[in-house]
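Notes follow once the structure below has been shown.
The values are calculated or read from the model by the stated rules, or taken from the named source; none is laboratory data. Bear in mind the structure is a predicted one, so any value in this text is a computation, not a measurement. Positions of Cβ are backbone-derived with ideal geometry, glycine not excepted, and every protein chain shown enters the neighbour counts. Side chains are part of the model used for accessible areas, which takes the heavy atoms of the whole protein and leaves out ligands, DNA and RNA. Shrake-Rupley method; radii C 1.70, N 1.55, O 1.52, S 1.80 Å.
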Amino acid sequence: MSQQQPIIVQKFGGSSVADVAGIRRVAAHAVATRRSGKRVVVVVSAMGKTTDQLVQLAHEVTPTPDRRELDMLLTAGERISMAILAMAIRDLGEPATSMTGSQCGIITNDAPGGARIVEVRAFRVQDALDAGQIVIVAGFQGVSWKKEVTTLGRGGSDTTAVALAAALSAEACEIYSDVDGVYSADPRKVTDARRLDELGHDEMLAMARAGAKVLGADAVAWARLHDVALYARATDGRPGETIVRLNPPADRPWIAAATLRPQCVLLNWSGDVANLATTLDTSAVPPIFSLQLPTQTLLLVGRDVADAVDSQFGRLIDRLREMPDTAGRLPTLVSGTLVSIVGPGVGRECDLLTPFRAALHTHLNAETPVLAHGLTLSCLLPPDQADAAVAALHAAFLGGAA
Ligand code: ADP
Ligand code: ASP
Ligand code: MG
């Protein structure tokens with residue numbers, strides 16, 4: 001019976017559904033999965049660069065698009081993909097129904113541009129699956145309790161897929177993209193990067209936050225909370241995958257990856273800490289790293305990929321810039337790209353700082369802070385040095401037989 005068949009959630013990103021040929025490939029994939037005896041939910045992103053184009057369109061109309069209307073506009077991208085994919089699947093002879101985030105019960109808070117999922121009421125999806133339908137879901141969107149349409153932040157279709165997989169107790173959540181898994185560095189930039197067979201949720205979350213965008217950080221955080229195993233695979237059918245799960249094998253490497261995250265800012269401030277807390281609300285852009293000493297505060301923030309128009313980040317930086325310390329001095333703000341190594345060894349190995357500094361000796365000076373946060377060891381570098389620095393870290397910590 002249909003209800004006994006396992007549920008599989010498959011997510012396909014923008015590059016996988018960029019054109020009609022891509023849509024047909026995804027349709028064939030979903031149909032083959034259905035015919036292998038699974039109940040199938042397919043989460044899709046907007047076609048190709050549609051979301052970027054819609055953001056640009058809004059900016060051609062006004063430099064400060066209204067957040068609510070921007071969400072209305074951006075959700076249209078995923079609607080196009082879902083309807084076209086449902087048509088393609090029907091064309092292959094299987095029943096398919098498309099649903100918006102709202103229709104499939106993805107309830108969010110009221111933060112336009114980067115809403116958080118608070119609840120998933122997936123009854124309609126469940127009913128459609130039980131009726132034998134392949135369900136196509138528009139990623140990256142939900143609806144608030146006030147019935148406002150919201151978006152989940154850039155890259156948010158991954159979060160849709162994981163949230164649905166958890167709500168439906170799916171057997172697997174498969175994230176398909178243009179790479180065949182999670183690598184020890186971005187394989188487009190570091191040619192000898194290696195695919196990682198298995199990773200823990202914690203280290204994948206640290207990698208995503210440090211810039212490895214192959215899986216979205218919010219999605220991994222949700223997967224960790226609800227114990228959803230993630231399978232990162234290539235859409236083009238290349239063999240190989242990375243499995244992200246709660247308890248990966250203990251004998252995996254202590255350093256998993258070298259990463260970079262563009263557009264970060266480090267604040268170095270020597271004012272009154274109580275004053276900092278009252279003038280600065282970082283809830284919209286939570287710091288990646290913060291350190292408070294009696295006379296010094298270090299705060300590292302990144303432009304949130306969730307922030308389609310950059311405004312929350314921009315507002316925070318403006319406030320930081322204008323914040324004099326008790327002696328009336330303005331803070332030091334350094335912008336750059338965050339370059340990191342990530343793995344369970346950070347915080348456990350006695351001295352990673354020395355080899356980290358040694359690997360980056362041509363990039364760092366004695367004053368450049370190296371920051372340890374969770375499973376990550378990072379420094380901020382000028383953007384034009386970031387690729388070379390990641391390659392150097394990869395060679396030092398992950399190269400050869402390491
Ligand atoms: P999608 O649009 O399908 O969601 P993304 O562009 O978000 O796909 O993610 C895939 C991209 O992530 C790859 O093209 C790759 O360049 C990049 N990437 C960055 N870091 C890594 C990494 N450590 N392993 C694999 N891919 C990575
Ligand atoms: N289309 C959205 C974006 O480009 C969501 C996603 O692709 O996951 O950010
Ligand atoms: Mg993505």
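Extension gain for residue 119-residue 191 works out to 21.8 nm (0.36 nm per residue, less the C-alpha to C-alpha distance). Under the classification rounded if a/c is under 1.5, otherwise prolate if a/b is larger than b/c and oblate if not, where does the range 309-402 fall, given a ≥ b ≥ c as square roots of the Cα gyration tensor eigenvalues? Here the range 309-402 falls in the prolate category. Taking the Cα centre of each part, how many Å lie between the range 167-193 and the range 332-368? Comparing the Cα centres of the range 167-193 and the range 332-368, I get a distance of 25 Å.
For the range 65-144, what does the alpha-carbon gyration tensor say about shape, rounded, prolate or oblate, given a ≥ b ≥ c as the root eigenvalues, a/c under 1.5 as rounded, and a/b over b/c as prolate? Oblate.
Ranking 205, 151, 128 by how far each Cα lies toward the positive end of the dipole of the range 61-216 (charges on Cβ) leaves 151 at the top. Relative to one another, the C-alpha centroids of the range 215-244 and the range 65-106 are positioned 22 Å apart.
Oblate is the label for the range 168-241. Its Cα gyration tensor axes, ordered a ≥ b ≥ c, give a/c of at least 1.5 and b/c at or above a/b.
In the chain, a dipole from Cβ-located charges (positive for Lys and Arg, negative for Asp and Glu) runs towards its positive end, and of 36, 141, 295 it is 36 whose Cα lies farthest in that direction. Each label was represented as a point 7 Å from its Cα along the Cα-to-Cβ direction; for residue 387 and residue 72 these points are 4.1 nm apart. Of all lysines in the structure, those lying under 19 Å Cα to Cα from residue 11, and not within fewer than 8 positions of it along the same chain, are 38, 49, 213.
Using a 10 Å cut-off on Cβ atoms, rank the peptides 157-163, 232-238 from the highest mean neighbour count down.
Details: 157-163: 30.4, 232-238: 16.3.
So the peptides 157-163, 232-238, ranked by packing, come out 157-163, 232-238.
Net length available on complete extension from residue 225 to residue 19 is 70.7 nm, with 0.36 nm assigned per residue and the Cα-Cα distance removed. When you restrict to C-alpha pairs under 8 Å that are six or more residues apart and normalise by the size of the chain, the relative contact order lands at 14 percent. Extension gain, residue 354 to residue 130, is 74.9 nm, computed as 0.36 nm per intervening residue step minus the present C-alpha separation. Summed over the residues of the chain and divided among them, the accessible surface reaches 45 Å² per residue at a probe radius of 1.4 Å. The simple spin-label model puts a point 7 Å past each Cα toward its Cβ; for residue 61 and residue 332 those points are separated by 4.4 nm. Counting protein heavy atoms only, the range 3-67 has 54 percent of its accessible area on carbon and sulfur, 1.4 angstrom probe.
The residue among 12, 247, 58 whose Cα reaches farthest toward the positive pole of the charge dipole of the chain, with charges on the beta-carbon of Lys, Arg, Asp and Glu, is 12.
Using a Förster distance of 25 Å, how high is the FRET efficiency between residue 238 and residue 52, based on the Cβ-Cβ distance and rounded to 0.05? Provide the component values of the computation, followed by the final result.
Values: r = 26 Å, r/R0 = 1.04.
Efficiency computed from Cβ-Cβ geometry: 0.45.
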